[in-house]
Every structure is written in C-alpha cells, then in structure tokens.
Amino acid sequence: MTALRAAHLVLSRVTETGSAIEVYHDRIRETMLSRLGAEALRAIHARLAVVLEAERDSDPETLVTHFQG
C-alpha cells in the first residue's frame, strides 16, 4: 500500500465507518481482483451487498452486481 500511495495509484480516505482505499486506475483494480480466489471474491461481494443494502440511497444496479457476485 505504501508503494501504491507513493506512486499516486491509490487514495486513502477516512469514512464514517473506517478507512477506505480507492484505486485510480482500472488496470490496478483488475490486477488486484485477479489475485483473489473465487471464494474470497464472493465473500467481498457479499459484505459489500449487505452494507450497501443497509444504506438509504443505495443504487439498485450496484446492489444487484454485488448480490450476483
């Protein structure tokens, strides 16, 4: 993470629920996702779906994406 921040490839920020990391470039995101196993990716999608579903203004398409994932 330190190297990614130093290269300006990710942005760290504080949110109401903790910290968040945003990836600036799609290729970085794709590489990170390719290193996850199928089970880990499903678990991440499930957690995201549950958290997003609890929000008042959740985007329905985003919810569908994560529930399908």
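Ignoring everything except DSSP H segments at least 4 long, calculate the 222 nm mean residue ellipticity for the chain; use -39,500 (n - 2.57) per segment, divide by total residues, nearest 500. Display every interim value, and only then the final one.
Working: 4 runs with 40 residues, N = 69.
That comes out to -17000 deg cm²/dmol.
In whole percent, and with a 1.4 Å probe on the protein chains, what portion of the accessible area of the chain is carbon and sulfur?
Carbon and sulfur atoms account for 56 percent of the accessible area of the chain.
Using the heavy atoms of the protein chains and a 1.4 angstrom probe, tell me the accessible area per residue for the chain in square angstrom. Could you put the intermediate results ahead of the total?
Working: 5860 Å² over 69 residues.
Roughly 85 Å² per residue, with all protein chains present.
Quick one: angle between helix 38-54 and the longest Cα principal axis of the chain, in degrees between 0 and 90, rounded to 10, please.
The helix 38-54 is inclined about 60 degrees to the chain.
Would you work out the relative contact order for the chain, in percent, from Cα pairs under 8 angstrom that are 6 or more residues apart? Write out the running numbers ahead of the final one.
Working: 40 pairs, mean separation 13.6, N = 69.
It comes to 20 percent, rounded to a whole number.
Shape of segment 1-40 from its Cα gyration tensor (a ≥ b ≥ c, root eigenvalues): rounded if a/c is under 1.5, otherwise prolate when a/b > b/c, or oblate?
oblate
Taking a ≥ b ≥ c as the square roots of the Cα gyration tensor eigenvalues, with a/c under 1.5 meaning rounded and otherwise prolate when a/b beats b/c, else oblate, which class fits the chain?
oblate
The values are calculated or read from the model by the stated rules, or taken from the named source; none is laboratory data. Values in this document were obtained by computation on a predicted structure and should not be read as measured data. Accessible surface areas use protein heavy atoms only, side chains included; no ligands, DNA or RNA. Shrake-Rupley method; radii C 1.70, N 1.55, O 1.52, S 1.80 Å.
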